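This report concerns only the one structure given below.
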Amino acid sequence: MPFEQEAEARRWRNLAESREGAVEAGKERNEERLEQKLAARERAEQLHRETKTAQQQQQNIMVNMQQVVAAVAAIRAQLGLGGSVSIPAVAQDERSLALIKKKLAGLRGQLSDLQAALFAEFTAEVSREQPAWAASEIEVEAARRVMATLQRFGVAETP
């Protein structure tokens with residue numbers, strides 16, 4: 001009889017320990033998910049800042065180019081010079097503008113990739129939260145959450 005009681009007590013201890021282990025594993029998974037979400041948010045914020053900076057640089061260069069071209073045209077008109085001569089500053093600005101456009105294209109590609117990753121993450125999250133929902137409902141809710149997240153960062157572009 002004491003052996004059976006001891007075996008029963010061991011089983012209960014093992015069961016309690018396995019439950020504690022499962023709870024800890026669940027907490028770790030939740031922490032990992034939270035870290036992934038935070039990393040995605042930080043990346044979205046960084047992409048947003050870089051995109052805004054590049055767009056501002058592009059606008060500044062274009063304004064500068066227009067001002068230089070207008071000033072050179074006015075000087076040529078005053079001097080009575082005709083024809084179109086290349087302006088080195090404008091040529092340099094055009095090269096800078098081309099580089100910024102390439103950078104913007106890359107940032108927009110990264111933003112699109114991030115949007116797809118957010119959609120996948122939110123789809124999985126909604127599936128866990130609402131297991132009874134149809135796939136189309138889950139996708140609609142995931143897309144809504146992605147747009148809401150991007151709008152919080154001021155980046156509400158569609159792919």
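Every read-out reported here was derived from the displayed coordinates using simple, explicitly stated rules and does not represent laboratory data. Since the structure is predicted, the reported quantities are computational estimates derived from the model, not experimental observations. Virtual Cβ from ideal backbone geometry, glycine too; neighbours counted across all protein chains shown.
Cross-link partners for Lys103 among the aspartates and glutamates, with Cα-Cα distance under 13 Å and sequence neighbours closer than 8 places in the same chain left out: Glu50.
Taking the alpha carbon gyration tensor of the range 71-159, what are the square roots of 5 times its eigenvalues, largest first, to the nearest whole Å? Can you show the working numbers first?
Details: eigenvalues 554, 27, 14 Å².
Sorted largest first and rounded, they come to 53, 12, 8 Å.
Any chance you could check the Cα centroid distance between the range 117-159 and the range 36-112 for me, in angstrom? Value for the Cα centre distance between the two parts: 34 Å.
Ranked for footprinting exposure by Cβ neighbours inside 10 Å, fewest first, Met147, Met65 give Met147, Met65.
Bridging of Lys37 to lysines at a Cα separation below 25 Å is possible for Lys27, Lys52, once same-chain residues fewer than 8 apart are set aside.
Computed from these coordinates, which is Rg and Dmax of the Cα atoms in Å: (1) 29.6, 118; (2) 19.2, 73; (3) 19.2, 64? Read-out taken from this structure: (1). Each residue of the range 9-19 was assigned a 3J(HN,Hα) from its phi angle through the Karplus curve 6.51 cos²θ - 1.76 cosθ + 1.60 (θ = phi - 60°); the sequence is 5, 4, 4, 5, 5, 4, 5, 5, 5, 5, 5 Hz, with glycine and proline shown as x. The simple Förster model, with R0 at 25 Å and r as the Cβ-Cβ distance, assigns Ala91 and Glu50 a FRET efficiency of 0.45. In terms of overall dimensions, the C-alpha atoms belonging to the range 20-97 reach 89, 15, 10 Å along their principal axes, ordered largest to smallest.
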